[in-house]
Every structure is written in structure tokens, then in C-alpha cells.
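So the structure is just underneath, and the comments pick up after that.
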Amino acid sequence: MERVTSLATQKALVIFSNSSCCMCHSIKQLFIGLGAYPMVYELDELPSGKELEKALVKFVGRKPPVPAVFIGGNFIGSNERVMALHLQGRLFQILRDAGAIFV
């Protein structure tokens, strides 16, 4: 789990994803549409992806663990939580506060 938390703090917005996951794709497009460009770790394309996936399952408490979104080093959640924040009008401000968007 140390590796997950270390990677999650590499940039203001970090997404752990699988390249074939439609929900992961949707979340990435949402953030790009908001003007945030995330650091994306595609678990199915990384040599250590399986180990990261196992650690993420423990960290987030569900399987599959993707998409897993971290903003400002904090675990925000999966697509449901991110979409809820967006629909509440809170996501943009969270991204600004973390330095993921500069407006």
C-alpha cells in the first residue's frame, strides 16, 4: 500500500485505471473536460500492475479497484463518488484547491 500512496502523491490528480474499463475512460474524460490533466496509471499496461491492483483492492476495499481517483494525495473514490461531487458542483473547487486546475 505504500507504493499506492507514494504514486497517489506524484501529481495533484492521480487516477488508477485499466485501459479497457469504460468507467475509467469516462472519469478520465470528465477531468480532461474540466481542464485537469491527471497522472494515469493503467494497471493492465504496467509491469507491476497486478501487485498495484492487489494493493488497491486492500486500500479501497472493493474489487475491481478501478477507477480509483486521488486528488491532492487524498483518496476521493470511484466513479460514483466523483460523479456525485461533480453533480453537487464541488469537484471543480476540490481540483482548484489541490492545484490540479489553474483558473
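In order along the range 14-22, the phi-based Karplus estimate (6.51 cos²θ - 1.76 cosθ + 1.60, θ = phi - 60°) of 3J(HN,Hα) comes to 10, 10, 8, 9, 10, 5, 9, 8, 5 Hz; Gly and Pro are listed as x. Computed over all pairs of different Cα atoms, the Kirkwood value for the hydrodynamic radius of the range 1-67 is 12.1 Å. Annotation: amide H of ILE101 within the under-5 Å range of ARG96, sequence separation 5 or more or interchain, hydrogens built in the peptide plane. Within the chain, antiparallel bridges make up roughly 65 percent of the DSSP beta bridges whose residues both belong there. Total lysine pairs in the chain at Cα distances under 16 Å, for residues eight or more apart or on different chains: 4.
Rounded to the nearest whole Hz, the Karplus-based 3J(HN,Hα) values (6.51 cos²θ - 1.76 cosθ + 1.60, θ = phi - 60°) of the range 43-60 follow the sequence 4, 6, 10, 9, x, 9, x, 5, 5, 5, 4, 4, 5, 5, 4, 5, 5, 8, with x at glycine and proline. Computed about its Cα centre, the charge dipole of the chain is approximately 220 debye, with only Lys, Arg, Asp and Glu carrying charge at their Cβ. Note on ILE101: accessible area approximately 10 square angstrom, rounded to 10, probe 1.4 Å, nucleic acids and ligands left out.
The values are calculated or read from the model by the stated rules, or taken from the named source; none is laboratory data. What you are looking at is a predicted structure, and each value in this text was computed from that prediction instead of being measured. Positions of Cβ are backbone-derived with ideal geometry, glycine not excepted, and every protein chain shown enters the neighbour counts. These area figures cover heavy atoms from the full protein model, side chains too; ligands, DNA and RNA do not enter into them. Shrake-Rupley method; radii C 1.70, N 1.55, O 1.52, S 1.80 Å.
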